[in-house]
Structures are given as C-alpha cells and as structure tokens.
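The values are calculated or read from the model by the stated rules, or taken from the named source; none is laboratory data. Given the structure is predicted, the values throughout are model-derived calculations rather than measurements. Ideal geometry is used to build each Cβ from the backbone, glycine not excepted, and the neighbour counts take in all protein chains shown. SASA here: full protein model, heavy atoms, side chains in, ligands and nucleic acids out. Shrake-Rupley method; radii C 1.70, N 1.55, O 1.52, S 1.80 Å.
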Amino acid sequence: MATHAGGLTGTRTVRTRGLQRGFGDRTVLDGLDLEIGAGEFVALLGRSGSGKSTLLRALAGLDRDVAGSGLIDVPEKSSVVFQDARLLPWQRVLDNVVLGLSGPDAAQRGRAALAEVGLAGREQAWPHQLSGGEQQRVALARALVSEPELLLADEPFGALDALTRLRMHELLRELCVRHRPAVLLVTHDVDEAVTLADRVLVVDQGRITVDTTIDLPAPRSHRQPQFLAYRESLLRALGVDQQKG
Amino acid sequence: MTASVLARPRTSAEALPARRPRRRLGPGRAIPFGAALGPLLLLALWAVGSAAGWLDSRTLSAPWTVVTTAGELIADGRLQDNLAVSAQRAGLGLAFGTVIGTVLALVSGLSRWGEAILDGPVQIKRAIPGVALIPLLVLWLGIGEQMKVTTIVLGVFVPVYIHTHNGLRSIDSRYVELGESLRLRPAVFLRRIVLPGALPGFLLGMRFAVVGAWLSLVVVEQINSTSGIGYMMDLARQYGQTDVIIVGLVLYGLLGLLSDGAVRLAQRKALSWRRTLAD
Ligand SMILES: Nc1ncnc2c1ncn2[C@@H]1O[C@H](COP(=O)(O)OP(=O)(O)OP(=O)(O)O)[C@@H](O)[C@H]1O
Ligand SMILES: [Mg+2]
C-alpha cells in the first residue's frame, strides 16, 4: 500500500477506510472503502436511501452528530454544493460567492467566478431575483472560487429541468477542466454519471459494489454504443431491469 | 389567407365563455395613504360631535380648542420644554434597553449555557408588569431621572430580547451547515449569517420596544415628576383643563406613531431582500 503523499505530489485526494455510519440501530455505511485521485471526476450512484448523502456528508465533515467510525482523509480545501442552491437570501449574489473568502482581492475573485458561470452583471442582484438554474450557478461559483482540491456535490442539478440540466453539465465539465478539482458527484441519473464522470461507483448495502472506469472520448453522446453499454450495466447494478421496464 | 388562419384561434378564444378570474389570496394592492384613513375618520367624528354639541367641552374639548391650546403652550415654551425632557428619557431608556436586550438575546441564542442562565429571569421579568416594580425602584434609586430611565429600560429590553432570541433560534439550520462547510470564522458567521438572520426578529422587537418606551414614560412621569409631558397632564388634571390633557394625549399618540413609523421604514429598508405576503 502506498504511503500517503500529501498535497500536490500525491495522486490521491480522498481516502476512506472502513467507514461506518448509522442512525440508531440501522447501519447505513458498513465498512466503506473509497479512493479518489487528484483531479478525478467520480460519480456516485445508488438507490434512494442507500447512503449516498450520508457518505458525502461524512466526507464534508458535516455529520458530527452521526455515530460512526473509520478513517477519512480529505483535503483541507474542499467545497460542497448542495441540492438546493443554499444562497443566503439577505446577501447579494456577489456577497454570497465571496462568503468564505477573505483578503483584499476577494471581490475581484468573486466577480471572476461569476463571470465564469455566465452571470457577469448580476453581482448586485438578490438571490430571489434569479432563476433556479442561475441560483445553482451562483452556488457553483461559490464552491469553486476558493480553488478547492475536492468538490463534493449532492444531486446539485436534481431540482432543475432537463434542458437546464444539460447546460449545467456542460458548464460543470468546462469548470472542472479549468480548475481540476477532484469531484464526487452524487446523482440519481445514470446518464448524468456516464456523461460526466471518469469513474462511476454504485453504493449498496453500505459498501461500494461497482467501480467502473468510463473509457469514452469526449464529447460523450447517448448515441455511442459504448455509452449505452455502460448505461445498461449500471442500471442492472442498480436493480433496474431494462427488459421489463 | 395567412391572416385569416392566424386570426382564427383568437376568435375561438373570444367565443369561449368568460372564465371567472383567478382569486388572489394575498391582501391585494396597497391603498395610497391607507394608514392615515382610520385616524382621519376618528378626527372627523370628534369634530362633528363637538360642533353639533353632542360632546360637552368639559368632558372632551373640541379639536379646535385643543389646537389653540397647543398653540398657547408652544408660545410660552412649556410644550417644547416638557417634550424635550420626555424625549430624552424615552430615548435614553430605548437606547440602553435595546443594547441590553440585543446582547442578552445574542448570548442566550448562541450558547446553551447563556440560555440556561438568562432566559428564565427574562421570562420572569416579562410576567411582572413594569408598574409593579416602580415602588422597589423608587426605594433603590430615588425619584430622580435614574429611576425613570431604568423603568423604561426594563420595559424596552424584554420585547427586544424575546423577538431577537426567537429570530436567532429560527435561522434555518441549512445556513448554519453552509457556514460550517465554508469553514467560516465565528466572527464572519456572526456577521454574515446570525445577525442578518435575526434582523427581522430584532426589528419586530423594536416595534414593540418603541411603543413600550412611551408607555413606560407615561407611567413614570405621572408619579413624582416635576417635568415632562406626563407632569404637564397631571397638573392639568388638578385644574380641570381637559384641553391640555388632550394635547398631551395627542402628543403621546403622535410620538408613538412616528417612532413606530420610523422602525417600519427601517424595516422596509433593511429587509428589502425579502419577498413576503405584504409585497
Ligand atoms: N438524520 C437522520 N436520522 C435518521 N436516519 C437518517 C438520517 N439521515 C439519513 N438517514 C437514513 O439513512 C439512510 C441513508 O440516507 P441517505 O440520505 O444517505 O440516502 P441517499 O442515498 O442519499 O438517498 P437519496 O437518493 O434518496 O437522497 C436512509 O435510510 C435514511 O432514512
Ligand atoms: Mg441523498
């Protein structure tokens, strides 16, 4: 087993060993092992209630009240994107983006991050004046403005319509190419996973049961036969029978 | 040809039976100067009653008598002097009370220990009417300004505390989680999330507090006072001058309305990020 090499030289950003989490006497994560390489885009699939959010919250350090054990190694610089955009309604858009920043160039960096997500000129708007997709783009800008080594996203596009979601996929891919964070994207959507990720994981019974590297050239399309093959095998792993469905 | 095709759907739409417009559930558009309507109606009733002779001038002086009396009181400077004294008492009491209420609410809202220690006593104070404390305060502080301002402070800090504390505690936990995920320093968390989140509650508390300040003022000024609007009214009672008493009452009412209006204005300015039923 390789020794842990921290920061830029290491190829691994996230590592968990024997991660255990439960609520009451119900075990949700049961000795889960996970590794994510630097700059790697990983999508996490799993049935509803399989513990995807529990895992993500454990990695984000947001589960202090949850009983559990195990080893977690995540970079200090990590960001979370929630399913709801979670903008502070009493702060203008720019102030929301720079919330976690300090220093004299914060506003400058915030403006640049907003421009990257296509929202230049909306800095002084209130969050309620933005559409759902725009709010989620602000949340992306807020997550990326701190140049994180790890981006944790829990169904960030779940509340958006199909068309907006496709746009957001493109945006997310561009941003990830530019900023190169490692990404763990929790999603319900197998197509989303195959389109975006370098690797797709399926969690079941508290462990990772499928770990598939998606070896498809960009741009990926639903029409590629390999795309359909990946899609079908993942659906089967999730217990969805294509023939009957 | 094309025109007739385009026109057809419109005619068919017009031919449809008129649909009942959707009922709106909010209160609807604001009436211009709506807030002045009720008081003006009251004033009109009073004027008509006095002119028609239904109201005895010894029971209730006519509006115009009150206006002339107010003019006389202003001319000899009594009104301004007494008003200045009263305003100073209310202002001081309001300022101290607001600061104390806010600080207590922050301490008790942000720490379990603070809540355990502070919340009980404030609730007890809340259950005791301000008037009931005056005898004790007179024994402790005498009958000077200190006692008067203290009484007002005690009336003011409770609503500020209650509503600010409630505002703090009802901040959505998702925002707290956001703060944790961004690793905000406690000072930033306080300034960006806690204080703005509690601001609506604080401002609601302030609306009760300003009115409470004037109410406490009335009470303290009519006991052992030698200046202030309350004193002016008490003196008028001894000489049977209803008009002066009414000038005092109108003044209290105006001050209450004005200060409440000021807080509401501040509310509208500070909470412009909100979209509510009232908008
Ligand atoms: N705070 C909590 N208290 C009690 N049980 C919880 C809590 N949070 C999650 N659970 C339980 O843990 C299990 C896993 O929940 P989790 O939210 O991780 O599922 P998920 O995979 O994210 O599901 P979904 O796809 O529906 O979001 C569920 O059975 C859920 O009921
Ligand atoms: Mg979930």
Review point. Along the stretch A:32-48, what does the Karplus equation 6.51 cos²θ - 1.76 cosθ + 1.60 (θ = phi - 60°) give for ³J(HN,Hα), rounded to whole Hz, x for Gly and Pro?
Key: 8, 10, 8, 9, 10, x, 4, x, 8, 9, 10, 9, 10, 10, x, 5, 4
Check your understanding: Taking chymotrypsin sites (Phe, Trp or Tyr not before Pro) as exposed when DSSP calls them loop (any state but H, G, I, E, B) and at most 16 other Cβ atoms lie within 10 Å, what is the longest stretch of chain B free of them, the sites themselves excluded?
Key -> B:55-272
Check your understanding: If you count, for every residue in B:196-207, the Cβ atoms of partner chains within 10 Å of its Cβ, what is the mean?
Key -> 1
Point to revise | Overall dimensions of the stretch A:89-146 by Cα: Rg and Dmax, Å | key: 10.0, 30
Point to revise | For the stretch A:44-99 versus the stretch B:155-224, the gap between their alpha-carbon centres in whole angstrom | key: 29 Å
Check your understanding: For the stretch A:89-146, what's the relative contact order in percent, using C-alpha pairs closer than 8 Å and at least 6 residues apart?
Key -> 50 percent
Study note, to complete from the structure: Residue-normalised 222 nm signal for chain A, counting each DSSP H run of n ≥ 4 as -39,500 (n - 2.57), nearest 500 deg cm²/dmol, is -9500 deg cm²/dmol
Exercise for review: Give me the aspartates and glutamates in straight-line cross-link reach of residue B:269: C-alpha distance below 16 Å, same-chain residues under 8 apart excluded.
Suggested key: B:260, B:279
Check your understanding: In square nanometres, what is one fourth of the surface area of the convex hull spanned by the alpha carbons of the stretch B:63-270?
Key -> 13.7 nm²
Check your understanding: How do A:134, A:76 stack up against each other in accessible area, from largest to smallest, with a 1.4 angstrom probe?
Key -> A:76, A:134
Revision key, fill the gap. So, with points 7 Å from each Cα along the Cβ direction, the residue A:115-residue B:76 label distance in nm works out to 7.3 nm
**Study point:** Candidates B:40, B:203, B:265: whichever shows maximal mean-square fluctuation once chain B is modelled as a Gaussian network with Cα springs under 10 Å
**Key:** B:40
Revision key, fill the gap. With a Förster distance of 35 angstrom and the Cβ-Cβ distance between residue B:54 and residue B:224, calculated FRET efficiency to the nearest 0.05 equals 0.40
Revision key, fill the gap. Rounded to the nearest 5, the percent of antiparallel DSSP beta bridges in chain A equals 55 percent
**Study point:** Cα gyration tensor of the stretch A:13-109 - equivalent ellipsoid semi-axes, whole Å, descending
**Key:** 30, 17, 13
Check your understanding: Zone of residue A:163 (label point 7 Å along Cα→Cβ, backbone N under 19 Å): which residues in the stretch A:122-136?
Key -> A:130-136
**Study point:** Accessible area buried between chains B and A, both sides summed, probe 1.4 Å, in Å² to nearest 100
**Key:** 2000 Å²
Check your understanding: Projected onto the charge dipole of the protein assembly as shown (+1 at Lys/Arg Cβ, -1 at Asp/Glu Cβ, origin at the Cα centre), which of A:82, B:163, A:108 gives the Cα projection farthest towards the positive end?
Key -> A:82
Practice item. Determine which aspartates and glutamates satisfy two conditions relative to residue A:52: a Cα distance under 12 Å, and not lying fewer than 8 residues away in the same chain. Key: A:154, A:155, A:204
Point to revise | Normalised contact order of chain A, rounded percent, pairs of Cα under 8 Å and 6 or more residues apart | key: 26 percent
**Study point:** Distant-in-sequence amide H partners of residue A:13 (H built 1.01 Å from N, under 5 Å)
**Key:** A:36, A:37, A:38
Check your understanding: Which of A:19, A:128, A:172 sits closest to the plus end of the dipole of chain A, meaning its Cα is farthest towards the positive end, when Lys and Arg get +1 and Asp and Glu get -1 on the C-beta?
Key -> A:128
**Study point:** Interchain or long-range residues, amide H under 5 Å from residue A:81's placed H
**Key:** A:152, A:153, A:154
Point to revise | Peptide B:170-179, shielding by other chains (average Cβ, 10 Å cutoff) | key: 3
Study note, to complete from the structure: Projected onto the charge dipole of the protein assembly as shown (unit charges on the beta-carbon of Lys, Arg, Asp and Glu, signs +1, +1, -1, -1), the Cα from A:58, B:59, B:35 with the largest positive-side position is that of B:35
Practice item. Specify, per residue and in Å³, the volume enclosed by the convex hull of the alpha carbon atoms belonging to the stretch A:117-245. Key: 137 Å³
Review point. Tell me, what is the FRET efficiency for residue A:69 and residue A:11 to the nearest 0.05, using R0 = 30 angstrom and their Cβ-Cβ distance as r?
Key: 0.70
Exercise for review: List the equivalent ellipsoid semi-axes of the stretch A:110-181 in whole Å, largest first, each obtained as the square root of 5λ for an eigenvalue λ of the Cα gyration tensor.
Suggested key: 18, 16, 11
**Study point:** List A:36, B:31, ordered by accessible area with a 1.4 Å probe, largest first
**Key:** B:31, A:36
Exercise for review: Before anything else, pin down the relative contact order of chain B: Cα pairs under 8 Å, at least 6 apart, normalised by residue count, whole percent.
Suggested key: 22 percent
Check your understanding: Working out 0.36 nm times the residue gap between residue B:272 and residue B:29, then minus their Cα-Cα distance, what length gain in nm do you get to one decimal?
Key -> 85.7 nm
Practice item. Sum up the charges of everything whose Cβ sits under 13 Å from the Cβ of residue B:163, counting Lys and Arg as +1 and Asp and Glu as -1, but leave residue B:163 out. Key: +3
Study note, to complete from the structure: Quick tally, 1.4 Å probe accessible area for B:69, B:226, A:27, sorted with the most first, runs B:226, A:27, B:69
Point to revise | Shielding by partners, peptide B:181-187 (average Cβ within 10 angstrom, other chains) | key: 5
Review point. Where in the stretch B:190-205 does the amide nitrogen come within less than 20 Å of the point 7 Å from the Cα of residue B:173, taken along Cα to Cβ?
Key: B:190, B:193-195, B:197-198
Exercise for review: Could you state how much accessible area residue A:66 has, in square angstrom rounded to the nearest 10, with a 1.4 Å probe and all protein chains kept in place?
Suggested key: 40 Å²
Practice item. Can you check what the net charge comes to around residue A:97, using other residues whose Cβ is under 11 Å from the Cβ of residue A:97 (Lys, Arg +1; Asp, Glu -1)? Key: +3
Point to revise | the stretch A:8-47: proportion of alpha-carbon pairs further apart than 16 angstrom, % | key: 51 percent
Check your understanding: GNM on chain B, C-alpha springs below 10 Å: top fluctuator among B:23, B:89, B:112?
Key -> B:23
Check your understanding: If you place +1 on the Cβ of every Lys and Arg and -1 on the Cβ of every Asp and Glu, how big does the dipole about the Cα centre of the protein assembly as shown come out, in debye to the nearest 20?
Key -> 1020 debye
Review point. Considering only DSSP beta bridges with both partners in the protein assembly as shown, what is the antiparallel share in %, to the nearest 5?
Key: 55 percent
**Study point:** Per-selection Kirkwood Rh - chain A (Cα, Å, 1 d.p.)
**Key:** 18.9 Å
**Study point:** Integer Hz, Karplus 6.51/-1.76/1.60 couplings in order for the stretch B:74-88, x for Gly and Pro
**Key:** 6, 4, 8, x, 5, 4, 4, 4, 5, 5, 4, 4, 4, 4, 5
**Study point:** Area projected by the alpha carbon convex hull of the protein assembly as shown, averaged over all directions, nm²
**Key:** 41.6 nm²
Review point. When chain B is treated as a GNM, springs tying every alpha-carbon pair under 10 Å, which of B:225, B:181, B:86 comes out with the largest mean-square fluctuation?
Key: B:181
Exercise for review: Ignoring everything but the protein chains, give the 1.4 Å probe accessible area of residue B:269 in square angstrom, nearest 10.
Suggested key: 150 Å²
